[in-house]
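Here's the structure, in structure tokens; my notes come after.
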Amino acid sequence: MTTAASRPQTIRMTMRDGGLVMEALAEYPFKTVFELIGKLNQQANLQSGIGTDDEHECEFSLANHELALIIKALGELPFNRVHALLSSLQAQIAGPRRRASGKG
């Protein structure tokens, strides 16, 4: 049985934001992040097809523990570099929860 907590979440990020996520994850031990980095790269490569446009948005399907690791890693970078991305992720995560609970 799939619970709401174990259901993958879909988030959208620009290629620029994806680069920031990769930079943050690169600060962690390889064995902790290599599967997640591979997953992000694979999903981005399947959607990109437009070259290197930094503003192109991709959709990523992530488990809660993967999303938590991304947020934790971003939290260790300077706030002025990550605040917009963290706000966007927070809104995307909160949106489905509000709709599921009947609020919003």
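The values are calculated or read from the model by the stated rules, or taken from the named source; none is laboratory data. Predicted, not measured: the structure shown is a model, and the values here were computed from it. Methodologically, a virtual Cβ is constructed for each residue, glycine included, from the backbone with ideal geometry; neighbour enumeration extends over all protein chains shown. These area figures cover heavy atoms from the full protein model, side chains too; ligands, DNA and RNA do not enter into them. Shrake-Rupley method; radii C 1.70, N 1.55, O 1.52, S 1.80 Å.
Selection of region 45-81 for residues being of a type in the set (A, V, I, L, M), more than 19 Å from ARG7 (Cβ to Cβ) and surrounded by 11 or more Cβ atoms within 10 Å (Cβ to Cβ) yields ALA73, LEU74, LEU77. Taking region 51-89 as the range and being in contact (Cβ under 8 Å) with a residue 40 or more places away in the chain and not in a helix (DSSP H, G or I) as the test, the residues that pass are ASP54, GLU55, HIS56, GLU57, CYS58, GLU59, PHE60, SER61, LEU62, ALA63, GLU76, LEU77. Just one of (1) within 17 Å of ALA68 (Cβ to Cβ); (2) open to solvent by 60 Å² or more (accessible area, probe 1.4 Å) fails for GLN42. It is (1).
Picking from residues in region 44-58 that are more than 14 Å from MET22 (Cβ to Cβ) and of a type in the set (A, V, I, L, M, F, W, C), the one that is modelled with the lowest pLDDT is ILE50. All conditions in (1) at pLDDT 90 or above; (2) open to solvent by 70 Å² or more (accessible area, probe 1.4 Å); (3) in a helix (DSSP H, G or I); (4) in contact with a Lys or Arg (Cβ under 9 Å, 6 or more places away or on another chain) hold for ARG97, with the sole exception of (1).
Scanning region 13-28 for residues that are crowded, with 21+ Cβ neighbours inside 10 Å and either touching a Ser or Thr at 6+ places or on another chain (Cβ under 7 Å) or not in a helix (DSSP H, G or I) (or both) yields a single hit, MET13. The number of residues in region 10-25 that are modelled with pLDDT of 95 or more and over 12 Å from LEU89 (Cα atoms) comes to 5.
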